[in-house]
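Derivation of every value follows stated rules applied to the coordinates shown; laboratory data play no part. Because the structure is predicted, anything quoted here is derived from the model rather than measured. Quick reminder, even Gly has a Cβ in these numbers, built from the backbone with ideal geometry, and neighbours come from all protein chains shown.
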Amino acid sequence: MPPAARRRRHRWFCPDAALIPEAPRYPRISTIKSAADFRTRLAALGAVLPCDDEVLQAPSSPLGQPLQVCGRRLGNRFAVQPMEGWDGTEDGLPTDYTRRRWANFGRSGAKLIWGCEACAVVPEGRANPHQLMVSDQTAPGLVELLTRLRDEHRQACGTVDDLLVGLQLTHSGRFCRPSGRLEPIIAYRHPILDRKFGLSDDHPPVSDDYLDRLVDRFVGAARLARQLGFDFVDVKHCHGYLLHELLGARTRPGRYGGSLENRARFLREVVAGIRAEVPGLAIGVRLSLFDMVPFHPDPADTGARHMGRGIPETWEDCLPYHYGFGVAADQPDRPDLSEPLQFVDLMVELGVELLNLSAGSPYYNPHIQRPALFPPSDGYQPPEDPLVGVARQVQAAAVVKARHPSLPTIGTGYTYLQEFLPLVGQAVVRAGMIDFVGLGRMVLSYPELPRDVLEHGRLDRRRLCRTFSHCTTGPRQGMVSGCYPLDPFYRALPEAARLKDLEGSAP
Ligand SMILES: Cc1cc2nc3c(=O)[nH]c(=O)nc-3n(C[C@H](O)[C@H](O)[C@H](O)COP(=O)(O)O)c2cc1C
Ligand code: SF4
């Protein structure tokens, strides 16, 4: 392709291209030609990731090995991460967009479908007015989604006997937008996030009574999930949402704050409630295993047509930093796994059956949570080669796996590996560093990746997610989420044209 055409194409793929430097500051994965070159790049970055030389097919691939989970022998080691689409009805019911996404999850061939997408247990806990809800009113819609997912899987793979499907239960806490406007429900006052998101000085933390009632709503949602036929529920503790924020509520008084024992009370009570009222339902937890101080674009690096590189918010006046979970108190731009490991020990004691490890938050440090070369419209240029972010997540998850070898554990952050995803994934699983390779954005652009890898030992490079972040920018601009650059279905929507217009109108 001639350089001018390549530039035009790049602009179309990046609606905020006017805010993005002409060329990314780190080598694109697609320019790394071999596994040997990839290992050389990792070594230069000091990023430690195992990487095989050849993609293996099932049954010889470690990714094709079955694993016994929750009494079922799951057929492979791919998991689909929860991916919401901001595309439900205002009543919390699915639409055709939602149905298509869940069908794609089923068609992927992954044998563990983690939660499908965040579903709010109370109306005020929705992250946006189009988030799905779990309630008697939405039950028929959820059943339809689950049935369609299983039907697609059966058609693609021949059986659903080796498939496990959960439902992710959530309350969005600080990031609630039930009517579109930010309506934060916070666990504690946060000196940086309160300022960043414009909370007034008298905005109160949520009461203990509210949390007590919320425990019952999670248990009720779990009961419903079981009746609808889901195999497990995820009591979501990640990405800055309410239950994750509670884990860091050291400065909160009362029964849900202060000691780690108190901060973990919510999970203990939900687990006890589910065991008492929904015996036999498996429980999973998606956890942000570590965190960091919020980041923002460096003003010194930001120009009229140029989004700056991410730098940490000033934290020196917030020490000791008691405002996060899994973040170093004396240097909060670094993770600290000591409390998260104790929390995982507690989960094991409680009999939590599945653990899905993520990190950080898409709202205040997206490069930690979903390593990408191109930032979403409310982000910043990556402050590190995104490969460093992938290695950070993979290595942290391996620490948990080494401590609890028999707890089925799912890893996150693999999409940025692109061509090298199967090579790293199979090496990581073989080394026992994780049980399941979780796929997030990759399932939006290329749902059939697990089947292509395991059945044919190949990848369709044209469909690999290149982390352009449109699936995040779209919703930030009030649109449904989807892979606008690579999925022909979304490319044909009017929203794709609107994203293009935004590109033209950016300063
Ligand atoms: C569009 C979009 C929607 C997401 N929805 C959810 C969600 O509903 N629940 C959740 O726990 N994580 C959600 N995530 C985070 C992903 O599950 C995953 O952790 C993240 O994309 C990193 O994985 P990846 O590198 O494979 O994409 C979402 C991410 C994106 C980009
Ligand atoms: S899934 Fe598509 S829109 Fe989302 S980051 Fe990947 S390429 Fe971009």
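Some notes on this structure:
- The residues packed around Leu281, meaning those with a beta-carbon under 15 Å from its beta-carbon, carry a net charge of 0 if Lys and Arg are +1 and Asp and Glu are -1.
- Cβ-to-Cβ counts within 10 Å put Phe374, Phe489 in ascending order as Phe489, Phe374, the fewest first.
- Note that region 124-136 has calculated 3J(HN,Hα) couplings of 6, x, 6, 7, 6, x, 10, 6, 5, 10, 9, 7, 4 Hz, one per residue in order, obtained from phi through the Karplus relation 6.51 cos²θ - 1.76 cosθ + 1.60 (θ = phi - 60°); glycine and proline are x.
- Hits among lysines - C-alpha to C-alpha of Lys111 under 23 Å, sequence gap 8 or more where chains match: Lys236, Lys401
- A straight Cα-to-Cα reach below 13 Å connects Lys500 with the aspartates and glutamates Asp16, residues fewer than 8 places away in its own chain not being considered.
- Membrane-span-like helices in the chain (whole DSSP H runs, Cα extent of at least 24 Å along the helix axis, mean Kyte-Doolittle hydropathy of at least 0.0): 386-403.
- Residue order, fewest to most surrounding Cβ atoms within 10 angstrom, among Leu439, Leu49: Leu49, Leu439
- Modelled spin-label separation between Asp136 and Glu349, with each label point placed 7 Å from Cα along the Cα-to-Cβ direction: 3.8 nm.
- Modelled label positions at Arg491 and Asp212, each set 7 Å beyond Cα in the direction of Cβ, lie 5.7 nm from each other.
- Computed from point charges on the beta carbon alone (+1 for Lys and Arg, -1 for Asp and Glu), the dipole magnitude for region 201-338 about its Cα centre is near 700 Debye.
- Options Ala300, Leu260, Ile311, ranked by Cα towards positive dipole end of region 253-321, top entry (Cβ charges): Leu260
- Each peptide among 299-306, 381-388, 81-88 gets the average number of other Cβ atoms lying within 10 Å of its residues, and from highest to lowest they stand as 81-88, 381-388, 299-306.
- In plain terms, the chain from Arg463 to Arg195 could stretch by 92.5 nm, reckoned as 0.36 nm per residue minus the Cα-Cα distance.
- Size check on the chain: the Cα extents along the three principal axes, sorted descending, read 63, 55, 44 Å.
- Only the Cβ atoms of Lys and Arg (+1) and of Asp and Glu (-1) were treated as charged; on that basis the dipole of region 49-467 about its Cα centre amounts to roughly 760 debye.
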